[in-house]
């Protein structure tokens, strides 16, 4: 049963924190969202935000991701929403993709194998000469979300339901007394009292939990996302190719990233990042090679920072052992899981009943 009048502090200005905060407020909790900087200023602001369950995931993870896609479709159908959510499919090629297609077909995940001629006929904007002769994997139910616009809508939902948002409060620390959370101390020294706290601070989660004596393995890496200015292209689907991943962006440009380019980002001792111009130009070149007409691309802006990844690659969601009243949200798949995770975590915080859908993702699994 939901406990009325609970005061909940949600720490984190990305999609996981704001989704959870909006759900909590909608269910009657008193909610304050705290962000160290601006909203979407972390991983949510530099994510390709591909909505999918295309990997060889364990059954529990796949099921949660599929529910995540369903929640996005429902959100996109809201007449009052200004969030940009698009389901025009995802196209992949490269090593192991044929095996992925067979796996997806076996588990009932919508998938088609397209030859180059099929790609030319059905997927505008893709350079057909880049598609392997043996074809590519098309997932028609996949898509993408512009996370800043989604976060903007979720904040409006939160405030309409009576919640409060405080940005630029600096790094927050969970306050604990007698094994139970009592509030949050902001970076400016203010203490906000709370009956429950949700920690959704992305790459900073393992450090924050370690300070409370809780170990969560961390595989966080660097991230680099480029955005081009608007240009004439017809791309609609998300592309995942051996050398670059890209999708359309609101306003007419594209956003793009790649694993190899992220490996070239250097994190300095002071926490800032060095990105070589050769890396940027190389990434733009790779994107041009998979776009119809091979346009000359330029970079309008770039997002560089840390990409939250739990040590075992799977989400860390739910109650933190040994710290009553503390809930955590830490995952690499923040875009796909953003809405469903917020819904389920809010239910757990207010009802006190663990969701079986999150049973495989508890932080307690690390001992």
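Mind checking whether some residue in region 155-164 is at pLDDT 95 or above, touching a strand residue (DSSP E or B) at 6+ places or on another chain (Cβ under 7 Å), surrounded by fewer than 16 Cβ atoms within 10 Å (Cβ to Cβ) and on the phi > 0 side of the Ramachandran plot? So far as region 155-164 goes, no, none of its residues is at pLDDT 95 or above, touching a strand residue (DSSP E or B) at 6+ places or on another chain (Cβ under 7 Å), surrounded by fewer than 16 Cβ atoms within 10 Å (Cβ to Cβ) and on the phi > 0 side of the Ramachandran plot. Screening region 165-182 for residues that are within 22 Å of residue 362 (Cα to Cα) and within 26 Å of the chain's Cα centre (by Cα) and picking the one that is surrounded by the fewest Cβ atoms within 10 Å (Cβ to Cβ) gives 173. The lone criterion from (1) out of contact with any helix residue (DSSP H, G or I) (no Cβ under 7 Å at 6 or more places or on another chain); (2) at pLDDT 95 or above left unmet by residue 271 is number (2). What about residue 146, is it more than 30 Å from residue 27 (Cβ to Cβ) and either in contact with a helix residue (DSSP H, G or I) (Cβ under 7 Å, 6 or more places away or on another chain) or at pLDDT 95 or above (or both)? For residue 146, the condition - more than 30 Å from residue 27 (Cβ to Cβ) and either in contact with a helix residue (DSSP H, G or I) (Cβ under 7 Å, 6 or more places away or on another chain) or at pLDDT 95 or above (or both) - is not met. Restricting 137, 91, 123 to residues that are touching a helix residue (DSSP H, G or I) at 6+ places or on another chain (Cβ under 6 Å) and surrounded by 15 or more Cβ atoms within 10 Å (Cβ to Cβ) narrows the list to 137. Screening residue 151 with (1) crowded, with 16+ Cβ neighbours inside 10 Å; (2) not assigned by TED's automatic domain parsing to the domain that holds residue 340 gives one miss only, at (2).
Considering only residues in region 24-47 that are over 17 Å from the mean Cα position of the chain (by Cα) and buried (at least 24 other Cβ atoms within 10 Å of the Cβ), the one that is nearest to residue 170 (Cα to Cα) turns out to be 34. The condition of being outside the structural domain of residue 200 (by TED's automatic domain parsing), in contact with a helix residue (DSSP H, G or I) (Cβ under 6 Å, 6 or more places away or on another chain), surrounded by fewer than 18 Cβ atoms within 10 Å (Cβ to Cβ) and not in a strand (DSSP E or B) does not hold for residue 285. Assess whether residue 207 counts as being closer than 24 Å to residue 19 by Cα and without any contact (Cβ under 8 Å) to a residue 60 or more places away in the chain. Yes; evaluated as a whole, the condition is true for this residue. Which of the residues that make up region 165-191 are in contact with a strand residue (DSSP E or B) (Cβ under 9 Å, 6 or more places away or on another chain), part of a loop (DSSP other than H, G, I, E, B) and under 23 Å from residue 342 (Cα atoms)? Listed by number, the residues that qualify are 167, 169, 172, 186. Here is a check on your reading of the model: is residue 337 out of contact with any strand residue (DSSP E or B) (no Cβ under 7 Å at 6 or more places or on another chain), more than 23 Å from residue 59 (Cβ to Cβ) and part of a helix (DSSP H, G or I)? Criteria not met by residue 337. Checked against (1) more than 13 Å from the chain's Cα centre (by Cα); (2) closer than 24 Å to residue 347 by Cα; (3) at pLDDT 95 or above, residue 18 passes all but condition (1). When every residue of region 192-215 is checked against the conditions, at least one turns out to be over 24 Å from residue 7 (Cα atoms) and assigned to a loop (DSSP other than H, G, I, E, B).
Going through (1) touching a strand residue (DSSP E or B) at 6+ places or on another chain (Cβ under 8 Å); (2) loosely packed, with under 13 Cβ neighbours inside 10 Å; (3) within 26 Å of residue 221 (Cβ to Cβ) one by one, residue 110 falls short only on (3). If you go through region 41-68 and keep only what is over 18 Å from residue 239 (Cα atoms), touching a residue at least 60 places away in the same chain (Cβ under 8 Å) and either touching a helix residue (DSSP H, G or I) at 6+ places or on another chain (Cβ under 6 Å) or not in a loop (DSSP other than H, G, I, E, B) (or both), you end up with 42, 43, 44, 45, 60, 61, 63, 64, 65, 67, 68. Filtering region 129-154 to residues that are without any contact (Cβ under 8 Å) to a residue 60 or more places away in the chain and assigned to a helix (DSSP H, G or I) leaves only 129. Within region 1-23, the set of residues being assigned to a loop (DSSP other than H, G, I, E, B) and crowded, with 24+ Cβ neighbours inside 10 Å comprises 12, 13, 14.
Being closer than 19 Å to residue 239 by Cβ and not in a helix (DSSP H, G or I) is the filter here, so list the residues in region 98-120 that pass it.
Result: 109, 110, 111, 112, 113, 114, 115.
The values are calculated or read from the model by the stated rules, or taken from the named source; none is laboratory data. Being a predicted model, the structure only gives us computed values, none of them experimental. Don't worry about glycine lacking a Cβ; one is built from the backbone with ideal geometry, like all the others, and counts go over all protein chains shown.
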